[in-house]
Amino acid sequence: MSQFFTTPHLRLLLEAEGKVLLNAIYHYWQNRTIPGELFEFIDKLELQFTDGYRLVLGTDEFADDAMLLFPDFDAEATSLRLMHEFNGKISLRPELGNTQALWENCIGQKLRKIRLQKDSDECYWSNDVLLDFGAEQLEIHPGLEGIVIEPYEEV
């Protein structure tokens, strides 16, 4: 798996710039293989914009600490496939994040810029995505399990 975004994925990211954010949806991976215990992490973040455009960011087990884009992601089909494949012990649960403090100042705002780290060869690293909504900036990056979404703080 590449450590850099591909040209088609860069185009998808850039297409989101200037659009107004309608919804931020977390898709939680849930594992119930141990009775009485739930292991859960954010598998995908779906950003929906007022013009119908959507951007789905996430990672997978083969991503080598890289963020991936999932342009054809179908949450319902993925959830059904997981439930059948793992006899109901693994599932995908969507949750609207609009009212969370992290997103409350971003919903209804224009995504001004998506910032990526560039290397010396003009390639863009896929380990971190910064969403710039002007007053609010959010950083998305791979975590130990799934993805981490947090306020960006310049150091």
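Just so it is clear, none of the values below were taken in a lab; they were calculated from the coordinates. Model, not experiment: these values are computed from the prediction. As a convention, Cβ positions derive from the backbone with ideal geometry for all residues, glycine included, and neighbour counts pool all protein chains shown.
Extending 7 Å from Cα along the Cβ direction at ALA101 and again at GLU61 yields two label points whose distance is 3.5 nm.
Arrange TYR26, TYR152 by Cβ neighbour counts within 10 Å, fewest through most, would you? Write out the running numbers ahead of the final one.
Working: TYR26 20, TYR152 14.
Ordered from fewest to most neighbouring Cβ atoms within 10 Å, TYR26, TYR152 come out as TYR152, TYR26.
Percent relative contact order of the chain, based on C-alpha pairs within less than 8 angstrom and at least six residues apart?
Numbers: 319 pairs, mean separation 41.4, N = 155.
In percent, rounded to a whole number, it is 27.
Taking the longest Cα principal axis of the chain as reference, the axis of helix 7-16 is set at about 80 degrees.
The label-point distance for ASP72 and THR6, in a model that sets each label 7 Å from Cα toward Cβ, rounds to 1.1 nm. Based on DSSP H segments of at least four residues, each scored -39500 (n - 2.57), the chain has a per-residue ellipticity at 222 nm of -4000 deg cm²/dmol.
Over the alpha-carbon set of the chain, divide Rg by the Kirkwood Rh and report the Rg/Rh ratio to two decimals.
On the way: Rg = 15.8 Å, Rh = 16.3 Å.
Dividing the radius of gyration by the Kirkwood radius yields 0.97.
When PHE5, PHE41 are sorted by how many other C-beta atoms sit within 10 angstrom of their C-beta, beginning with the fewest, the order is PHE41, PHE5. Taking each residue as 0.36 nm, the span from GLU153 to ILE34 lengthens on full extension beyond its C-alpha to C-alpha distance by 39.1 nm. Only lysines eight or more places from LYS118 in sequence, or on another chain, were considered; those with a Cα closer than 26 Å are LYS19, LYS44, LYS110.
A straight line joining the Cα centroids of segment 81-155 and segment 9-66 runs 7 Å. For SER91, SER126, SER120, the sequence from fewest to most other C-beta atoms within 10 Å is SER120, SER91, SER126.
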